[in-house]
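Nothing in this text is a laboratory measurement; each read-out follows from the coordinates by a stated rule. If you're wondering where the values come from, they're calculated on a predicted model, not measured in any experiment. Every residue, glycine among them, receives a Cβ derived from its backbone with ideal geometry; neighbour counts consider all protein chains shown.
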Amino acid sequence: MWRDHLTEIIVFTLLFLLVSGMGFVAARWRAPKDMAHLDEWGLGGRNFGGWITWFLVGGDLYTAYTFVAVPALMFGAGAAGFFAVPYTIVIYPLVFLVLCRLWSVSHRHGFVTPADFVRNRFDSPVLALLIAITGIVATMPYIALQLVGIEAVLKTMGVTGESALARHLPIIVAFAILAAYTYQSGLRAPALIAFVKDTLIYIVILVAVLWLPQKLGGWGAIFDAADAKFQASPNPNDGITLNANNQLQYITLAFGSALALFLYPHSITGVLASRNRDVIKRNMSALPAYSLLLGLIALLGFMAIAAGVTPLPGNSPGSVDSNTVVPVLFDQQFPDWFAGVAYAAIGIGALVPAAIMSIAAANLFTRNIYKEYLRRDATAAQEANVSKITSLVVKLGAVACIVFLDPQFSIDLQLIGGVIILQTLPAVALGLYTRWFHKGALIAGWAAGMGLGMWMLYQVSSPTRKHFGGSAFPLEKFGFDTPKTIYVGIIAVLVNLAVAVLLTLMLRAAKVHDDGDGTTPDDYFADEGDPRVTPGRTRDADAAPEPVA
Amino acid sequence: MALSEPDAPDPETRLTASSRAKDKSPWNWLLLIPIVVPLIPLFFNGDSPRVFGFPRFYWLQLTYILLGVATTTLVYQMTKKRG
């Protein structure tokens, strides 16, 4: 009943209103002379320094859904859920040099999206369109999932109702506000709000990991309680360590997810908004602070086991909503006002990535579909306008996904999203290093990877579902005599690469013409101050100094 | 470690090559360590020894975060432009 949670609701609402106000004010923060340009609305002036980038990209990659779903996975399956930690460790050394090249070439040519780069590098609007559509399709369910994060919190506060509309009304209101300030302020809104979001999250987690173990008998007791739970469960693949059969899945999922992360358009948006290559490199060293946070958040799942938390019931009778594990833990263990702060951290944590993702998806539509196919001569102001409107449509679509469809559908799509975005790896990531691939071969590789990935995901069953039961593909389906499983995305991208390499060799041997390249080798090293770097239209208006760096 | 600091390119003779070579450095190979080590289950997949109550699976993987930070910081410091 919501009346029992009145303090929590009041604290949550106040903090939510505070950041909403910030979202609208953000338009005037580091304000440009002219906001009607994608570099301004969509990339915040391409001029963010070290601290802003750290908060922005951190708030972007470590989403509310992650903070809710990872501990839920730990609660349910144990060690397997901890893959998020190695995933977010290997990611930074992996992309340390790659992102700098992407930044340089994008600044020289004024690219806003990864598809812009592919369009130019391979001289292929078709390949760029495929990359853009892949990006949009992968991002949409990710936005919807942020709503799942907020809903888990609202449900725990008893803000729920009988009808679908009553249940979703708070979400609709929250997203309407989010849509309004994103429309007005663009990337500046999530950049400014990220400061509040991350500060709240760090405080909440610090308190949780210092205080809760004392209440629950210490870390040793927490892990023992989790161990006892998994020993008693009939599932052979849970436990506080991995077994012989899920180790391969664990590391391939961590590695595959790491490869995929910076292919997501919203991650690239955060990177391109930074001021220079140094900002990116320093952030690759500083962003792992969030990985530590994520590791500690994951362990909240075990604390919930030790505290005897029972997740709230799901939407369908008899089911449980495991995403409510952490909110219920906070509700039980924290004083009401602090639980309210924690809920606000999760709720606001959903807004930052949702805003950036909708901006990234909107930019893809504008640059690679609208400008390419609908209106070639669109001016900068028209581009910015189309992006603003598209960002509204994208959010509307995300809300519709949650209100009209089973949330499980969004979770499935998100699972698929990770696999399909990985299929842009040869064109986007390898394309930054080599023009050797033939564009036709890249398209064929993409199609092969997509097809195989979808088929494999369809084949994965779970105890509760026949298809799309997860991303752990049993190798026995390929005819191997083993109970081991492997991450679908890795296989799909390897096949994608194999097809691209073989076809490139064949097409080159057959002398099929393909040598267009709009970039020069020098483009990949350009840095701030380079005479040919797209001049920031707004440098002169940048009166507000950086906090640091 | 057999890696040594790269020679500073001589601006007079390698003017065109210098901007191309900006990203190239033997220090970059160090980045492979925090990519490969965290993905070897043999190291982290076990319960003992426990540290502050954390099984090895958890404390070791959390420690790998420091490995990643240290390596990227080192590579950044060693390869950044002077001046």
Rank the residues A:109, A:438 as a footprinting-exposure proxy: fewest other Cβ atoms within 10 Å of their Cβ go first. A:109, A:438
So how compact is chain A: Cα radius of gyration and Dmax in angstrom? 23.0, 73
Low-density loop chymotrypsin sites (Phe, Trp or Tyr not before Pro), segment A:328-412, at most 10 other Cβ within 10 Å, DSSP non-H/G/I/E/B, are none
Please give every one of the lysines within straight-line cross-link reach of residue A:477, meaning a C-alpha to C-alpha distance under 19 Å, and leave out same-chain neighbours fewer than 8 residues apart. A:466
How much length would be gained if the chain were fully extended between residue A:18 and residue A:385, taking 0.36 nm per residue of separation minus their Cα-Cα distance, in nm to one decimal? 129.4 nm
Are there DSSP H segments in chain A that both extend 24 Å or more along their axis (alpha-carbon positions) and score a mean Kyte-Doolittle hydropathy of at least -1.0? List them, or say none. A:6-25, A:125-156, A:164-185, A:188-215, A:288-306, A:336-365, A:380-404, A:439-459, A:488-509
Distance check, please: which entries in A:371/A:395; A:229/A:484; A:155/A:197; A:388/B:24 exceed 28 angstrom between their Cα atoms? A:388/B:24
Amide H to amide H under 5 Å from residue A:44: which residues, 5+ apart in sequence or cross-chain, H placed 1.01 Å off N in plane? A:187, A:188
Work out which trypsin sites (Lys or Arg not before Pro) in chain A are exposed loop sites (DSSP not H, G, I, E or B, at most 14 other Cβ within 10 Å) and give the longest gap free of them. A:34-374
Quick one: putting +1 on the C-beta of Lys and Arg, -1 on the C-beta of Asp and Glu, what dipole do you get for the protein assembly as shown around its Cα centre, in Debye to the nearest 20? 780
Ranked from fewest to most other Cβ atoms within 10 Å of their own Cβ, A:156, A:434, A:63 fall in the order A:434, A:63, A:156
Take B:60, B:42, B:74 and order them by how many other Cβ atoms sit within 10 Å, fewest up front. B:42, B:74, B:60
